[in-house]
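The next block holds one structure in the form of structure tokens; read it before the comments.
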Amino acid sequence: MLLKAIIDDRIYELNVPDALIGQAQPFFEKLDQDMDAGWQMSREWVERPDRLQRCQIVADKLLTALESENQKLGMMMAGYILARLPGVESVELDVQGEIQNNRFNLAEHRPAPSEEREAPRAAPAFGGLGKLEAMEQAGKDVTKVFKVGRGWRFSVFDHASGTWQDSPLAPTEEDASRLRQEAFKARYDALQRGRDH
């Protein structure tokens, strides 16, 4: 079975033998078990990834395999996608490391539907929150740090525009965590004062 992996303007053709897909079922099941516990998909923690999200996660591993020229891992990841998404012809891989932006093209030439991310509820504009409420809301408004390519970042929800704002890219997870802690504290303090941005 053939899967085309598209990275910018390059196309990789991964021809996965049917026999390999059959033999790799225990490996695919192990991948599914790992994802059953939930997965950090870029800025969002997904408790129970659905079939499309699982394929997006595996597509991110496929990107890593192609970049590191690990042909065996690449074939296994392509095999998983072919086995779990019947009719898939190609995958467009997001080079920024945004897992949810990995897109699949099916034989009918229609992209697979993507899940809409739920935004945190709007925090009150006037009158501050109590300490526990402010801490809980800040936890929803400031994501955990996540890997993007070779760097790390987090996102902060801007209630005024209704969009997620990405932090600058940090070289290490520790740097990103330190910056995230500062952003969390700033949001926590603002929520206690009664401002949501």
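The values are calculated or read from the model by the stated rules, or taken from the named source; none is laboratory data. Everything numeric here is computed off the predicted structure, so don't read it as measured data. Counting neighbours? That spans all protein chains shown, and the Cβs are built from the backbone with ideal geometry, glycine included. In case anyone asks, the SASA skips ligands and DNA or RNA and just uses the protein heavy atoms, side chains included. Shrake-Rupley method; radii C 1.70, N 1.55, O 1.52, S 1.80 Å.
Some observations on this one:
- Some residue of the range 101-116 being touching a helix residue (DSSP H, G or I) at 6+ places or on another chain (Cβ under 6 Å) and at pLDDT 55 or above: yes
- Scope the range 1-45; condition closer than 22 Å to Trp152 by Cβ and in contact with a helix residue (DSSP H, G or I) (Cβ under 6 Å, 6 or more places away or on another chain); matching residues: Met35, Trp39, Met41, Ser42
- Of the strands (runs of 3 or more DSSP E) lying entirely inside the range 1-114, those containing at least 2 residues that are of a type outside the set (A, V, I, L, M) span 10-15, 39-41, 44-46, 88-92, 103-106.
- Number of positions in the range 177-197 that are open to solvent by less than 80 Å² (accessible area, probe 1.4 Å) and within 13 Å of Lys144 (Cα to Cα): 5
- Matching residues in the range 56-95 - criterion: being more than 22 Å from Trp152 (Cα to Cα) and crowded, with 23+ Cβ neighbours inside 10 Å: Gly74, Met77, Ala78, Gly79, Tyr80, Ile81, Val91
- Selection count, the range 7-41, where residues are open to solvent by 50 Å² or more (accessible area, probe 1.4 Å), over 30 Å from Val142 (Cα atoms) and either among the β-branched types (Val, Ile, Thr) or touching a strand residue (DSSP E or B) at 6+ places or on another chain (Cβ under 8 Å) (or both): 4
- When Ala125, Ala138 are checked against the criterion of being over 22 Å from Trp45 (Cβ atoms) and either surrounded by 12 or more Cβ atoms within 10 Å (Cβ to Cβ) or modelled with pLDDT under 85 (or both), Ala125 stands alone in meeting it.
- All positions within the range 42-51 that are surrounded by 15 or more Cβ atoms within 10 Å (Cβ to Cβ) and not hydrophobic (A, V, I, L, M, F, W, C): Ser42, Arg43, Glu44, Pro49
- Scanning the range 160-176 for residues that are surrounded by 13 or more Cβ atoms within 10 Å (Cβ to Cβ) and touching a Lys or Arg at 6+ places or on another chain (Cβ under 9 Å) gives Trp164, Asp166, Ser167, Leu169, Ala170, Glu173, Ala176.
- Entry remark, the range 142-168: residues being closer than 14 Å to Ala183 by Cβ and either of a type in the set (A, V, I, L, M) or in contact with a His (Cβ under 8 Å, 6 or more places away or on another chain) (or both) number 4 in total.
- Pro120 closer than 29 Å to Asp94 by Cβ, at pLDDT below 75 and open to solvent by less than 100 Å² (accessible area, probe 1.4 Å): yes
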